[in-house]
Amino acid sequence: MSFSILLEQLFNGFQYGMLLFLMAIGVTLVFGVMRLVNLAHGSMFMVGGYLAGAAAQATGSFWLAALCALVGAAIMAAVIEILIVRPLYRRGHLDQLLATFGVTLTLNELIVVIWGRAPVFVSIPDILDGHTEMLGFPYPVYRLAITGVAILAGLILMWLVAKTRFGMLVRAGADNRTMVAGLGVNVTVLYTLVFALAALLAALAGMMSGPLIAMQPGVGDPILILTLTVVCIGGFGSLKGALVASLLVGLLDTFGRIFAPQWFGAAGNALANMLVYVLMAAVLYYRPAGLFTTRGGHS
Amino acid sequence: EDKIKLGFIAALSGPLGVLGAEQQRGLDLALEHLNNRLGGREVELYTADSRAVPGVAVQEISKLVDKENVDVITGGTASNEIMAMVKPIEAAGLTLLGTNGGPSPLAGKDCTPNYYSIAFQNDQWSEAMGRYMNEQGIKRAYFIGMDYQAGWDHVGGAERTFKGENLGKIFTPQSQLDFSAELAQIRAAKPEAVFAFYPGSAAVAFVKQYAQSGLDIPLFSSAGVDTLFLPAFDDAAIGSVFSSHYNAGIENEANKQFVADFTKEFGRKPSLYAASQYDAIMLLDKVVAQLPAGEIDRKKLQELIGSTPFTSVRGDFKFNHNHMPIQNIYAQRIEKGEDGKLALNLIGVASENVEDRYAAECPMGK
Amino acid sequence: MSKIFNTAFRRSWILWLLLALVVLLPFSGETYYIKLVTRMLIFAIAALSLDLLVGYLGLVSFGHAAFMAIGAYTVGIMASMGYASVWIVWPLAMLLGALFALFVGFISLRCSGLYFIFITLAFAQMVFYGAQSLRAYGGDDGFPLETASTLLPSVALSNPITLFYASLVILLACLYLSRRLVNSPFGRIAVATRDNETRVHAVGVDPYPYKLVMFVVSGAVATLAGALMANLTSYIAPGYVNWLVSGELLVMVILGSVGTLVGPILGAAVFVGFEHMLSDLTEHWMLIFGPLIVFRVLFLKNGIYGLFSRTRSAELSADRAASGGH
Amino acid sequence: MLSVKEVDSGYGRGQVLFDVSLTIGEGEVVSLMGKNGMGKTTLIRTIMGMLTVRKGEIHFNSRLTRGMAMHRIAAMGLGWVPEGRLIFPSLSVEENLVATAVKRKGLNHSWTLDSVYELFPRLRERRFNGGGQLSGGEQQMLAIGRALMTNPRLLILDEATEGLAPKIRQEIWQTLAQVKNTGQSILVVDKDVKALSKLADRHYMIEKGRIAWQGDTEMLMADTQRVQRYVGV
Amino acid sequence: MNTTPLLEIKNLKKSYGALSVTDDVSLTVEKGEIHALIGPNGAGKTTLVGQLSGLVPSDSGRIYFEGKDITGLTTAERAQLGLGRSFQITSVFPTLSALENVALVVRAHAGLGFHFWKAAHRYEAAQKKASEWLAKVGLAQAGDGPCAELAHGELRQLELAMALAANPQLLVLDEPMAGLGPTESQQMVQLLAELKQHYGVLLIEHDMDAVFSLADRISVLVSGRVVFSGSVDEVRESEVVQRAYLGDNDE
Ligand SMILES: Nc1ncnc2c1ncn2[C@@H]1O[C@H](COP(=O)(O)OP(=O)(O)OP(=O)(O)O)[C@@H](O)[C@H]1O
Ligand SMILES: Nc1ncnc2c1ncn2[C@@H]1O[C@H](COP(=O)(O)OP(=O)(O)OP(=O)(O)O)[C@@H](O)[C@H]1O
Ligand SMILES: CC(C)C[C@H](N)C(=O)O
Ligand SMILES: [Mg+2]
Ligand SMILES: [Mg+2]
């Protein structure tokens, strides 16, 4: 394998990793803050993609569509939070798992009812279309853009959580929501905001994936599983962990897909897919609460 | 009054859901044309969703057989699910008149009286495409496809007939939608053309990513890239060539009528999936008409499918002894129509009146 | 017979009536419904085995479908090699399931809470892709069961009625044995571990072997369910280990009521029944079923079984267990 | 400033408080005493709005607090040091102090990070440590500091000296005396009767959820029998 | 004398980063004595308890129990040897009844844990033993509902019964009076005074009244180091202890 193709594959792995990171931030944030395991996170990815598709068709503008997708998903998430998720904070993980599983099933089907089973696509806006020659190989501009946006979103979020008072309150709420309220801060709204923010990030990932992959009912499911894997590897509640694990998984997946079929022949594809989970088991064996354990991250 | 219980099974959801839905349109239109009667008998229709998952397909077949007690089953979307469905259908003494895909094992050594494919045998499409690539003067090609029965058949067919240098072959898992790593590998091999097999929504993802990846070489495909997906493509897809046993532009009376009615009802031209299913119902109409009144003789029905002449939208049609069609395979290209929309235009016959290469291995009816 | 069931069950005539109906069902001769109920029974076995983990150890396994797959693949592969007798195939399947559980348990029981939930999912995914890599057995697509398992040379499970009664007997046997297990000193320590693991350590008991044994037992039983399922569907595919199936198994357990053994059986029956009824009703049955699950979590705190039994201890127990390894 | 009038309250189906009345005036320090499980914490939780008032009324700053969300009641100027500390383990010491801090106008004395650190030098040493890494006593200091940082109109201390070393305890009592001198109103629960009698102006004794006795420090000192009976010293 | 002490800690150390929390701590506890450990907040007392029970791994140093080196053993193994611990925050099995809680401990120590067949409540000897322990701590009347419904004080009694049912030689108690009112504290003091004849006790407590009335020996931990060790009177007199811990005016 020549150096330039190796580099290109590194880029691919990195880009994939960053997309996963966008998803993982949401899961880890919602868990870190509200101790909520959210299986409906994949649906937000899907909803983002679909809303963008529908809005693009209606308005003809990618940028408007992007806005619609983000705002729409955030509003929907807020509604879900208020109606369904709120009572779940006080429940155990099992109840949360189940209820959000139900939400996923419902949303998947709702998409079918509204948009049918045909895949929905968004066209890439002209300035992001095509490819650019860099470091000796052509690379799709759009994928570069995804990477950029994900990095930016990640940085903003890390800053928000680590450095701002909003972030402090959010983390304090994670520790003890009653106590935060007892000190005069409204947690309920804070939670709705965080939940919507997480959904917005997932929708961003979905919206950006739209032009690359086919949006179809249930597209969010496999992404969700990978995201959960990433978050487990990184450590629930840890943003740093999510970042490291996303990149690990992105690269492992990309290189696994290239090499495993070469090494294992026909069975290679399946084995390549397995790698990520082997990594997860290995990591959890040595660090039962993920790479970057946060206080209270292990329940 | 005599009735016939018709089972229709197709991938109505999942990544191939679009195809199944199109098959259903073909079915509905045909039944509409026939006033919901097959050979004069009123049709009781039972629909099942196989989701293109073999395990699910088997379960749904069991429902059609055990619960609905259907007389005959038509449909089937993906090759792998068809392979899975055949066994329980055989066990129940029923017949599957397949309307999409023709997996190679069922065309060859595993052929069975209980299964017909009215659409095509998988290799038929792609062998034609391999030849077409030769004609276009392609010397170095890379092959890629989805990792399942149809992918193996299609890619294998194209590889077999392609005469130039075969630079490599990649199969990607059925669930995979991001092909960046594979496209990079392909580009590194510097081929002159790529042959790809991607059915359903993966097709759209693949073609779009192909266009963005900086691979400025022709894409040949025998996949389910079809009229159905045209709205999803950018102009980047213009020029891609696909093979198929059907194109809405085929000239004959039956097709003209079919295309006109379909367009009237659904606002666009029919795709091959609708056409094959439409054909199947038209054939069943003729078959059932020959059955004696009263209880349906399922064995007889099975035999009649292979021997009853009918008017296909493809023009002449004939089943081979292995229950696969002998037919023309056409080349079609994505072009921009006058209305500014993409169209899948017929550009010629890739192979004329071909049977599939597995027929010889099938002991049946020889 | 009544010893199998707990007090609440014994008191409820509805449940007895249901059992009687089930036993008599094959006399109706409706193959389809016999198969449907067989499906319920098989899932009930799997759900029961999952309840041993979720309900009595507080360990939420999100990968239990893997065991069913191991059972199914063992049956399928053995059949293709010419071994169909259940007296060979079942013990082998359970042994394999137990060994796999031992391996998975060895690694994942170090984790708790969420990590346990998702590491079991990871192992299930490995089994999923492992099954896919078996190209000789259809890879991604799976393969049909060549010959049905046989109880005696002439009694095959391909007969729906035979399969039905075999499943029923196995379910009742599993229920009886599970009941004994959870009430034994062993089971009590398991429950104590669920309630407060740190305290178990401090009491001088290392809970690890208890968890491991329970995990192995649970895995072996679920494997048996898979072996039966292979005979019901006559088709074996990686789809057995789809994460949705693991999710559905959990839904069954919780729908019925966690930590009650009988509850998950009811849960399985209701789940399969609903799936069947709703999908007859509308193509979009998930649009009803999804909200139903949410409804159950939000409003029906003690599950279906909770409607029959209303003891405080059961409630607490379910609460504890539902908190998922907190 | 705070008036609790004939209040009933409790958890779930059980009632804990019966007909409880209590008032705290501007700048006044009031103590609440009673044996374990008599309802002191429950009363405080009810005042904070964590438990619903089943009967009676609570006014704070002459506003009826019924139906108000807990955070709104707290934001009106209640600084709560809860039983069991409940600091935020995943925030650093400094973040614990800053996150919910409030600057309030019209107070004689205003707490800042610096003045809290001066009060508890140990906290300054550990300012970048996670709250969860602190020892029990350090956490208690943090909880008090955190409440002070909200610059409350009424400071509520529920067993604020529990688990503190005797020396620190003394220091805290001294500090509270200082705080009192700035005009701060305080409601304090503690088992150290001697310290309470020095600090507080008025005292309430609670038994089985009812106010059994109330009076000023003089009356308290005079009536050791009662103290014996209701507090058990 | 050649009697080995019940518990002997030698040069135990634990640090988190630059902070040494326990620094070269050595002390012993004999059978039949209460050895109190006092010290300012953050001195490292709870950390030391963690190291003793095996929950916090030590950086260096050794722990001997009845002369046997237990430094490398797990929590459960230490408990089996007879190192009992009560939890500062009540820690029981909430869905089991009080009797079951204790019986479970009795059975586990009789090696009956891995019995799968007979129902647990049919092990009559264990049941009987368990009710004896309950009676001893004053809980004879606890019903057979789940113990989550017991009152706070009752739970503390149950807590102790469970610790005792495990047949400990040594009890390590971390602030047992915390959260108890004066009356309850006094009762606890009485109970501990009775118990100490049969066990060794390492007592950590900020309640000086309790410490002074119970302890046979007192060690003072400051910044992870034992700065003083002696009898109650010696501690009372000590300048060092006054300054570091007790403060100027006695309480
Ligand atoms: N969360 C709760 N749920 C139910 N009952 C409770 C709860 N907290 C306290 N109680 C009960 O309310 C009563 C009063 O308890 P409260 O905590 O108010 O007492 P207290 O006077 O603060 O005692 P202490 O000195 O021990 O802190 C007790 O009987 C207790 O059992
Ligand atoms: N995991 C940890 N990481 C960093 N520092 C820690 C950790 N655990 C404890 N510490 C620090 O070690 C010191 C000793 O804590 P420890 O809990 O042992 O004190 P203590 O003597 O029990 O105090 P108290 O009487 O207040 O309970 C404290 O300063 C604490 O902040
Ligand atoms: C898209 C079609 C060509 C379907 C394909 N023949 C299959 O078997 O799956
Ligand atoms: Mg209190
Ligand atoms: Mg301590």
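Tabulated data for the structure shown
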item: Qualifying residue in segment D:174-191 (condition: within 18 Å of the chain's Cα centre (by Cα) and within 16 Å of ligand 2 (Cβ to nearest atom)); result: no
item: Near pairs, Cβ below 7 angstrom, 6+ apart or cross-chain, from segment B:313-325 (in a loop (DSSP other than H, G, I, E, B)) to any residue that is polar (S, T, N, Q); result: B:Val313/B:Asn255; B:Arg314/B:Gln327; B:Phe317/B:Gln327; B:His323/B:Ser117; B:Met324/B:Ser117; B:Met324/B:Gln121
item: Subset of segment B:190-217 that is over 14 Å from B:Ile144 (Cβ atoms) and out of contact with any His (no Cβ under 9 Å at 6 or more places or on another chain) - its residue that is modelled with the highest pLDDT; result: B:Glu192
item: Count of segment D:146-183 residues which are more than 16 Å from ligand 5 (Cβ to nearest atom) and within 8 Å of chain E (Cβ to nearest Cβ); result: 2
item: Residue that is out of contact with any strand residue (DSSP E or B) (no Cβ under 9 Å at 6 or more places or on another chain) and surrounded by 21 or more Cβ atoms within 10 Å (Cβ to Cβ), where the choices are B:Asn134, B:Asn100, B:Asn80; result: B:Asn80
item: Unique residue being buried (at least 21 other Cβ atoms within 10 Å of the Cβ), part of a helix (DSSP H, G or I) and of a type in the set (A, V, I, L, M) when the list is A:Ala203, A:Ala282, A:Ala266; result: A:Ala203
item: Residues that are within 17 Å of B:Gln332 (Cα to Cα) and surrounded by fewer than 24 Cβ atoms within 10 Å (Cβ to Cβ), drawn from segment B:103-131; result: B:Arg131
item: Failed item in (1) surrounded by fewer than 23 Cβ atoms within 10 Å (Cβ to Cβ); (2) free of Cβ contacts under 8 Å to residues at least 24 places away in the same chain; (3) within 9 Å of another protein chain (Cβ to nearest Cβ), with C:Val203 passing the rest; result: (1)
item: Check on E:Val25, in a loop (DSSP other than H, G, I, E, B) and away from ligand 4 (no atom under 16 Å from the Cβ); result: no
item: E:Ala161 vs. criteria under 14 Å from the mean Cα position of the chain (by Cα), surrounded by fewer than 22 Cβ atoms within 10 Å (Cβ to Cβ) and either within 10 Å of chain D (Cβ to nearest Cβ) or closer than 30 Å to D:Lys40 by Cβ (or both); result: no
item: Residues of segment E:65-88 that turn out to be assigned to a loop (DSSP other than H, G, I, E, B) and within 14 Å of chain C (Cβ to nearest Cβ), as a count; result: 6
item: Enumeration of residues in segment A:178-195 that are within 8 Å of another protein chain (Cβ to nearest Cβ) and touching a residue at least 12 places away in the same chain (Cβ under 8 Å); result: A:Val185, A:Val187, A:Thr188
item: Evaluation of D:Ala143 against (1) aliphatic (A, V, I, L, M); (2) within 16 Å of ligand 5 (Cβ to nearest atom); (3) without any contact (Cβ under 8 Å) to a residue 60 or more places away in the chain (one fails), failing number; result: (3)
item: Residues that are more than 23 Å from the chain's Cα centre (by Cα), assigned to a helix (DSSP H, G or I) and under 20 Å from C:Asp280 (Cβ atoms), drawn from segment C:12-38; result: C:Ser28, C:Thr31
item: Qualifying helices (runs of 4 or more DSSP H) (wholly inside segment A:93-184; at least 2 residues being among the hydroxyl-bearing types (Ser, Thr, Tyr)); result: A:93-115, A:141-163
item: Top-ranked residue in segment C:8-21 [being of a type outside the set (Ser, Thr, Tyr) and at pLDDT below 80; ranked as surrounded by the fewest Cβ atoms within 10 Å (Cβ to Cβ)]; result: C:Trp13
item: Of all residues making up segment D:1-26, the number that are in a loop (DSSP other than H, G, I, E, B) and modelled with pLDDT of 90 or more; result: 2
item: Unique residue being more than 14 Å from chain A (Cβ to nearest Cβ), away from ligand 2 (no atom under 16 Å from the Cβ) and of a type in the set (S, T, N, Q) when the list is B:Ser221, B:Ser213; result: B:Ser221
item: Helices (runs of 4 or more DSSP H) contained in segment C:193-307 and holding at least 2 residues more than 20 Å from the chain's Cα centre (by Cα); result: C:197-202, C:207-233, C:262-281, C:286-299
item: Lone qualifier among C:Gly239, C:Gly226 - being more than 14 Å from chain E (Cβ to nearest Cβ), farther than 30 Å from E:Ala108 by Cβ and modelled with pLDDT of 90 or more; result: C:Gly226
item: Hits in segment E:33-64 - residues which are within 12 Å of another protein chain (Cβ to nearest Cβ), more than 10 Å from ligand 5 (Cβ to nearest atom) and touching a Leu at 6+ places or on another chain (Cβ under 9 Å); result: E:Ile38, E:Pro40, E:Leu52, E:Ser53, E:Gly54
item: Residue match in segment D:146-153 (condition: modelled with pLDDT under 90 and either in contact with a helix residue (DSSP H, G or I) (Cβ under 9 Å, 6 or more places away or on another chain) or assigned to a helix (DSSP H, G or I) (or both)); result: no
item: Among the candidates E:Leu203, E:Leu171, E:Leu180, residue that is in contact with a Leu (Cβ under 6 Å, 6 or more places away or on another chain) and either within 16 Å of ligand 1 (Cβ to nearest atom) or at pLDDT 85 or above (or both); result: E:Leu203
item: Lone unmet requirement of (1) without any contact (Cβ under 8 Å) to a residue 60 or more places away in the chain; (2) more than 14 Å from chain A (Cβ to nearest Cβ); (3) buried (at least 22 other Cβ atoms within 10 Å of the Cβ) for B:Ser50; result: (2)
item: Extreme residue, nearest to ligand 2 (Cβ to nearest atom), among residues of segment B:146-173 that are at the interface with chain A (Cβ under 9 Å from one of its Cβ atoms) and assigned to a loop (DSSP other than H, G, I, E, B); result: B:Pro173
item: Verdict on B:Ser351 being surrounded by 13 or more Cβ atoms within 10 Å (Cβ to Cβ) and touching an Asp or Glu at 6+ places or on another chain (Cβ under 9 Å); result: yes
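Results for (1) surrounded by 22 or more Cβ atoms within 10 Å (Cβ to Cβ); (2) within 16 Å of ligand 5 (Cβ to nearest atom); (3) more than 26 Å from E:Tyr245 (Cβ to Cβ), shown as yes or no for each residue.
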residue	(1), (2), (3)
E:Ala165	yes, no, yes
E:Leu170	yes, no, no
E:Leu173	yes, yes, no
E:Met177	yes, yes, no
E:Pro182	no, no, no
E:Val189	no, no, no
E:Leu202	yes, yes, no
E:Glu205	yes, yes, no
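Yes/no per residue for (1) small (Gly, Ala, Ser); (2) in a helix (DSSP H, G or I); (3) within 16 Å of ligand 1 (Cβ to nearest atom):
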{"site": "B:Asp123", "(1), (2), (3)": "no, yes, no"}
{"site": "B:Tyr142", "(1), (2), (3)": "no, no, no"}
{"site": "B:Ser175", "(1), (2), (3)": "yes, no, no"}
{"site": "B:Gly214", "(1), (2), (3)": "yes, no, no"}
{"site": "B:Leu230", "(1), (2), (3)": "no, yes, no"}
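The values are calculated or read from the model by the stated rules, or taken from the named source; none is laboratory data. A quick note: this is a predicted structure, and the numbers were derived from the prediction, not measured. Positions of Cβ are backbone-derived with ideal geometry, glycine not excepted, and every protein chain shown enters the neighbour counts.
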